[in-house]
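Asks: Can you keep this structure in mind? I'll have questions shortly.
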Amino acid sequence: MSDSGMEEEEAPDLICELENVNGLVDALTAVRWKRQQDAVLELSEHGIVLIVEESGCLQAKVYLKRELFIRYDYKARGRPRFGLSLGYFVDCLNAFSLPGQSSVIQIQYPGPDMQLLLKSVDSLDASICAEIRTRIPDTIAWNYNFEPAGANPLTFTVKSAALKEAIEDLEWPGSSIEIILEPDPPSVTLRAEGHGDLQIDFMYYVNSELLVAFQCDHRTSFKYKYKFLRATTSNMPSTVIKENRGSKLSIGRGGMLKVQHLVSISKPSVSHTYVDAVGYQQPGRIAHIEFFVKPEETED
Amino acid sequence: MKFKAFLTDNGVNLLEKRFLPALEKTGKSCHLYLTRDHALFLHNLLNGDGVHSVAQFRKEALFHDYRISSNNDDRIAFALDLSLLLRALRSAVAVASEYSASAATRLEIKLVKKLSPNSTQSMPFLTLETRGYKSAVIQDIPISKPLSRAQVTELQSALESAQELPPTLVQVPDLNQLLNLVDRMKQVGDVVNLFISRHGDLSVQVSTTVISLGAEFRRLVVIGEQTNAPSEDQNLSAQTRSSRSISRGDGQSVQVSVKHFAKSLQCHLARPDCAFYGIAPQGSCLTVIFQFFIPGSRETDKSISLHCRLPVLDPGSG
């Protein structure tokens, strides 16, 4: 307390606290498509964004709004960005999610040596701590400019579970998947050609249970690499499916595909220890996850 | 050389449900050392590496009608495969439960020599015999040749030197929680740094150049040499407190293998009532002592004891 005045200047860019570590682990795992993966974290007064990228063709972002946190003290000027290993970050967070216990985790950046510091703050006498070394991120702008393809958006929303299943089923035919949007009859087709052909149709009017929303005014088709498409659903958290959520897919200029999932992060894993807290919690605190997939180069 | 006894219900329960599953995690094979009064399961006492573990039972804790004789002061020791013993015991329990409707079954355990099918030489076995009203089920567990007199002496002296207590022991709050953490630590690194102070601090930490992951506990119950935590240290970080404590001489740290540390925590399968960690003098090893209470009381059950000693990778500081 006594030296708080002195620390004023050196206050860390961010100290935030989160109640449900499992939810955070779920959200981050959703964008973890391989073991060794570098991520960039971007801090702002609105929240934290985690970005991962691969081969210039696939990018994913996890948006953690400040409302998800029970404490969010942001003191930085500008928007600090730093890189770290996503794998280590998730492994560390997992250490905080104790079975049968709810734990409040504190995240601080930077530490004395520019680390990301994680600490459990439930009890004064027992705590788990982790430090992850950060690095200066690549200066290349990782932003995939997603722009609408025309005046009317090309977009559809499909049940996340159905999307995941469809993409899994497309594994055997081959490496390239064509996504076709057809206004009449309104439908979405996923087609793979390779060792064999497989086509999966989602008809908007026939099965509105699966295809929840649909917007398209002209026939559109683009091809995407299977492995990138699969990365968008392969680690979808089980809560997304349990809660029967939908995923929104949009096709932008040049065929850029955007896939959006919603992951709920606020539900405490064990409700009975949280009886008092449930009252004031917002019913659904959600992390947004976005994937951007570039289409395959076409010959024409 | 003769050994024959009947396992009590409590003994079967202790071994089958608690100790053998825990000991199996320490190592598949161990020495069973039988004396006039005790039965001991010993891991790695003769070969230096690995976790030393000693589980000791007073004969009454496991057996009745316990008979042992050997020309080495009635001491017998041999190596056996714990998973085989556990399997045999489980099936004996299953058989016994089928019989038990009619009458009490007796589970006899004894040492025998038998001709094995493909050999002309007779081999030693530990035999479990479940005798029911009309039939009996016999299971032979192959064991090593009994240890020689010299080896038994060596085992006995290793055992005696393993009894020495660290000057300070701290009580670990929640083995399960720690085990969960250590499972994560295994993914980070191979070496865990452990710090224990006389005022009840315990911290465990794995670090590499990129990452460090650990837990710290304060104000734990201390047995043995203890001091009060200096008040000026209250608000310092764990790292600063431990380095100050080491330089003052009231704390000590050692490095042990994460795998060994995890194995020591697996002992919670034996359902101990308390667990204590301590560092042996000169940081020679990390000792873990498990305490068992007489059921329904807070009194130590002196007929059962379990402790482990973890080899230290680096004598550390302090």
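Values quoted throughout were computed directly from the atomic coordinates according to the rules given, and no laboratory measurement underlies them. Computed from a predicted model, the values in this text were never measured in an experiment. Cβ atoms come from the backbone with ideal geometry, glycine included; neighbour counts cover every protein chain shown.
Asks: Just add up the charged neighbours of A:HIS288: K/R +1, D/E -1, any other residue whose Cβ is under 9 Å from the Cβ of A:HIS288.
Replies: +1
Asks: What distance in nm separates the simple spin-label points at B:LYS17 and B:HIS64, each placed 7 Å from Cα in the Cβ direction?
Replies: About 1.9 nm, to one decimal.
Asks: So what's the angle, to the nearest 10 degrees on a 0 to 90 scale, between helix A:86-96 and the longest Cα principal axis of chain A?
Replies: For A:86-96 against chain A, the angle is about 50 degrees.
Asks: Dividing the convex hull volume of the alpha carbon atoms of region A:4-132 by its residue count, what do you get in Å³ per residue?
Replies: Once divided by residue count, the hull of region A:4-132 is 118 Å³.
Asks: Taking 32 Å as the cut-off for C-alpha to C-alpha distance, list the pairs among B:LYS2/B:LYS302; A:LYS242/B:LYS25; A:LYS34/B:LYS263; A:LYS75/A:LYS164; B:LYS113/B:LYS302 that go past it. Mind dumping the intermediate values first?
Replies: Numbers: B:LYS2/B:LYS302 27 Å; A:LYS242/B:LYS25 36 Å; A:LYS34/B:LYS263 29 Å; A:LYS75/A:LYS164 40 Å; B:LYS113/B:LYS302 34 Å.
Pairs exceeding 32 Å: A:LYS242/B:LYS25; A:LYS75/A:LYS164; B:LYS113/B:LYS302.
Asks: Still on this structure: What list of ³J(HN,Hα) couplings, whole Hz, do you get for region B:245-257 from phi and the Karplus terms 6.51, -1.76, 1.60, once you set θ to phi - 60° and write x for glycine and proline?
Replies: After applying 6.51 cos²θ - 1.76 cosθ + 1.60, I find 5, 5, 5, 6, x, 9, x, 8, 9, 9, 10, 10, 5 Hz.
Asks: Name the residue from A:GLY254, A:HIS46, A:ILE132 whose Cα lies farthest towards the positive end of the charge dipole of chain A, charges +1 on Cβ of Lys and Arg and -1 on Cβ of Asp and Glu.
Replies: A:GLY254
Asks: When only alpha-carbon atoms are used, what values of Rg and Dmax, in angstrom, describe region A:57-146?
Replies: Considering region A:57-146 through its Cα atoms, Rg and Dmax are 15.1, 49 Å.
Asks: What's the Kirkwood radius of the protein assembly as shown in Å, using all Cα pairs?
Replies: Averaging 1/r across every pair of different Cα atoms and inverting gives 28.8 Å.
Asks: Continuing with the same structure: Below 10 angstrom from the Cβ of B:ILE294, what's the summed charge of the other residues (Lys, Arg +1; Asp, Glu -1)?
Replies: Result for the neighbourhood of B:ILE294: -1.
Asks: How high is the relative contact order of region B:168-317, given as a whole-number percent (alpha carbon pairs under 8 Å, six or more residues apart)?
Replies: 26 percent.
Asks: Could you tell me what % of all Cα pairs in region B:50-90 have separations over 14 Å?
Replies: Counting every Cα pair in region B:50-90, those more than 14 Å apart make up 71 percent.
Asks: How charged is the neighbourhood of A:LEU98? Take every other residue with its Cβ under 15 Å from the Cβ of A:LEU98, and add Lys/Arg as +1 and Asp/Glu as -1.
Replies: -3
Asks: Moving to a separate point now. Binning at 10 Å from 0, report for region B:2-161 what percent of all alpha-carbon pair distances ends up in each bin.
Replies: 10, 39, 36, 12, 2
Asks: Over chain A, what is the relative contact order in percent, taking alpha-carbon pairs closer than 8 angstrom and at least six residues apart?
Replies: Value for chain A: 22 percent.
Asks: Once amide H atoms are placed 1.01 Å from N in the peptide plane, what residues at a sequence separation of 5 or more from B:VAL221, or on another chain, have their amide H within under 5 Å of its amide H?
Replies: Those lying under 5 Å, H to H, from B:VAL221 are B:GLN171.
Asks: What's the Cα-based Rg to Rh of chain B, Rh via Kirkwood?
Replies: Rounded to two decimals, Rg over Rh is 1.03.
Asks: In whole Å, how far is the Cα centre of region B:256-318 from that of region A:111-186?
Replies: 44
Asks: Which stretch or stretches of region B:162-193 have amide N atoms under 20 Å from the point lying 7 Å from B:LYS259's Cα along the Cα→Cβ direction?
Replies: B:179-193
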